[in-house]
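Trainee: Dropping the structure in here first, questions after.
The values are calculated or read from the model by the stated rules, or taken from the named source; none is laboratory data. Just so it is clear, the structure is predicted and the values come from calculations on it, not from any experiment. Positions of Cβ are backbone-derived with ideal geometry, glycine not excepted, and every protein chain shown enters the neighbour counts. Remember, those area values only see protein heavy atoms, side chains included, never the ligands or the DNA or RNA. Shrake-Rupley method; radii C 1.70, N 1.55, O 1.52, S 1.80 Å.
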Amino acid sequence: MAPADVSFATVGGIMRYQNGGWILGFNRFFGNCSVFDAELWGILDGLALLMDRGYDNVLIQTDNLE
């Protein structure tokens, strides 16, 4: 049986320019993992997407309370 803090997790994110203009959005299903792990994987995926597109200066903001 899985611990109480582990369940099905999905992550989504958006990337915007400094002026608020849209760059891209993404979402991903992770399966069973903790909220904290899903948040970190979402940040990593977002950074990888931006690096693939040549962005090298980013600010990461999250609204997760856990």
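Trainee: Sort Arg16, Arg28 by heavy-atom solvent-accessible area, probe 1.4 angstrom, most to least.
Mentor: Correct descending sequence by accessible area is Arg16, Arg28.
Trainee: A further question follows. Only sites in a loop by DSSP and with at most 14 other Cβ atoms within 10 Å count here; which chymotrypsin sites (Phe, Trp or Tyr not before Pro) in segment 3-44 make the cut?
Mentor: For chymotrypsin sites (Phe, Trp or Tyr not before Pro) across segment 3-44 that sit outside H, G, I, E and B with at most 14 neighbouring Cβ atoms in 10 Å, the list reads Tyr17.
Trainee: How far is helix 35-52 tilted off the main Cα axis of the chain, in degrees rounded to 10, range 0 to 90?
Mentor: Between the helix axis and the principal axis of the chain, the angle is about 30 degrees.
Trainee: At a probe radius of 1.4 Å, what is the per-residue accessible area of Ile14, in Å² to the nearest 10?
Mentor: Here the accessible area works out near 100 Å².
Trainee: For Thr62 paired with Ile14, estimate the spin-label separation in nm (one decimal), with each label point 7 Å from Cα along the Cα-to-Cβ line.
Mentor: So the two model labels end up 1.9 nm from each other.
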